[in-house]
Amino acid sequence: MMWGNLMEREERRPVELFKSDAKCPNCGSDAKLVVYKYSIPYYGDIGISVLECGRCGYVHRDVFTLRGGAPRKIVYRVEKPGDENALVIRSSHCRIEIPELGLAVEPGIYSQGYITTVEGIIQDFIDALESICSSDEAPRDKCEELRALLEKAKNAEVKYTVILYDYLGSSDVLSSKTTYEELEEG
Ligand SMILES: [Zn+2]
């Protein structure tokens, strides 16, 4: 995940926008919410929020674009090596689908938002697969087959489409190839 790198980079450190009191979604205690502004070259400013609970240690991070806001479907085609490097601003409430690979991630209440790349999203699927396939009952052949496919996808050796369904319009894939479609509220 690029989160660590992002926060440590001296030259482009996030700027604190505001602090506020919040309730911890985990234990209900008083928590602190800090919102930062972070500037991405050739794109603009994005927001980063960090909610921290001093009582139970729960931390929730999220990212959002400071433009847009309309519900939208974000479509990005991976067609050739290099396409996997596109930056993805993935808000916590956003659903990700890669139809050609049969993959989907539903947002959950504890989902975190983060900045990653298409390669990073595929790596998340590889990590999830490894944990599922480490069980004794896991079908070996299927696991190997899917792992091989994901490794190819990670290096853009196969073509596929990354689709983000974002009802708050705060996610994005940073590329001139990205296309957008309106989504019905829901
Ligand atoms: Zn808490």
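The values are calculated or read from the model by the stated rules, or taken from the named source; none is laboratory data. Note that the structure is a prediction, hence the values are computed from the model and not measured. As a convention, Cβ positions derive from the backbone with ideal geometry for all residues, glycine included, and neighbour counts pool all protein chains shown.
Considering every residue within segment 92-111, establish whether at least one is of a type in the set (Lys, Arg), touching a Lys or Arg at 6+ places or on another chain (Cβ under 9 Å) and not in a helix (DSSP H, G or I).
no
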Legend entry - Candidate set from segment 117-137 (those that are surrounded by 14 or more Cβ atoms within 10 Å (Cβ to Cβ) and more than 17 Å from the chain's Cα centre (by Cα)); member that is nearest to Ile89 (Cα to Cα): Leu129
Legend entry - Number of positions in segment 100-115 that are over 9 Å from the mean Cα position of the chain (by Cα) and among the β-branched types (Val, Ile, Thr): 2
Legend entry - Residue identified as surrounded by fewer than 16 Cβ atoms within 10 Å (Cβ to Cβ), small (Gly, Ala, Ser) and closer than 14 Å to Asp172 by Cα among Gly57, Gly69: Gly69
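Restricting attention to segment 146-169, and to residues there that are assigned to a loop (DSSP other than H, G, I, E, B) and not hydrophobic (A, V, I, L, M, F, W, C), which single residue is nearest to Gln123 (Cα to Cα)?
Asn155
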Legend entry - Unmet requirement for Asp136, which otherwise passes all of (1) without any contact (Cβ under 8 Å) to a residue 12 or more places away in the chain; (2) of a type outside the set (A, V, I, L, M); (3) in a loop (DSSP other than H, G, I, E, B); (4) within 17 Å of Ala86 (Cα to Cα): (4)
Legend entry - Filter result for the condition that a residue is more than 16 Å from the ligand (Cβ to nearest atom), touching a residue at least 40 places away in the same chain (Cβ under 8 Å) and surrounded by fewer than 18 Cβ atoms within 10 Å (Cβ to Cβ), over Lys37, Lys80: Lys80
Inset, instruction - Please verify whether segment 18-34 includes one or more residues that are over 19 Å from Val162 (Cα atoms), at pLDDT below 95 and away from the ligand (no atom under 16 Å from the Cβ). - result: yes
Inset, instruction - Could you tell me which of the residues Gly47, Gly102 is surrounded by fewer than 16 Cβ atoms within 10 Å (Cβ to Cβ), away from the ligand (no atom under 16 Å from the Cβ) and closer than 23 Å to Val173 by Cβ? - result: Gly102
Legend entry - Odd one out for Ser39, checked against (1) modelled with pLDDT of 95 or more; (2) more than 24 Å from Gly54 (Cβ to Cβ); (3) among the polar types (S, T, N, Q): (1)
Inset, instruction - Quick one: Ala104 ticks every box in (1) out of contact with any Asp or Glu (no Cβ under 6 Å at 6 or more places or on another chain); (2) free of Cβ contacts under 8 Å to residues at least 60 places away in the same chain except a single one, so which number is it? - result: (1)
